[in-house]
Structures are given as C-alpha cells and as structure tokens.
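Everything on this sheet refers to the single structure shown next.
Readers should treat all values here as calculations from the given coordinates under stated rules, not as data from a laboratory. From a predicted model like this one, the values you see are computed outputs, not experimental measurements. Neighbour counts run over all protein chains shown; Cβ positions are idealised from the backbone, glycine included.
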Amino acid sequence: MKIKSKSNVMGKVTSIAFTSDKCNFFCGTSLSNIYWVDTENLTPELRNTCHNEKINDVSFPSGYSDVFATCSGSEIRIWNCKNR
C-alpha cells in the first residue's frame, strides 16, 4: 500500500472515530488532545485539550462556581463551566 498523505498531531494516536458520512473523523492522542480531521487531505484541527497527567488540585473562586482552576504536572488550567 502506498501512503496517500500524512499529518502530524501532538502525541501518539490512541483513538479514531469517523463521522457517519466518513468525510471527517475525531482523533484522540496520548497527550489528551482531540483533533477534527478531514479524510480528504488529513488536515488536523485541534478541537479540545485537557490534562494528560493526574489532577493534583481543583480550586473555585469564592462565591463564583462558573470558573475553576486545576493543576496537573507542570500546568495550571482555567476552566469555564458555561462554554467548556
């Protein structure tokens, strides 16, 4: 088989889920990234990321539960519950 095209993503590919029309697929990686990929040219578009190590702490600001912070390994992330 010949390689038709190839693409790079951050991390090792751990899952692929095609859309019902097989024109696109989601690609999950070992670094907890999710990509939307067009099957025609294999152009990945980063759609979602999250921690890829255990979460060490979660903190909510006083009196405001729509936003919170998590820390894991060497990163701190701020999350918005209303829009992900």
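Worth a mention:
- Set of aspartates and glutamates near residue 82 by C-alpha distance (under 16 Å), chain-local residues within fewer than 8 positions excluded: 66
- Low-density loop cleavage sites - GluC sites (Glu not before Pro) in region 18-81, where at most 13 other Cβ are within 10 Å (DSSP): 40, 53
- Sparsely packed chymotrypsin sites (Phe, Trp or Tyr not before Pro) within the chain, loop by DSSP, other Cβ within 10 Å at most 11: 64
- Cα-based reach from residue 22 at 23 Å (exclusive), listing lysines while leaving out same-chain residues under 8 positions away: 2, 4, 6, 12
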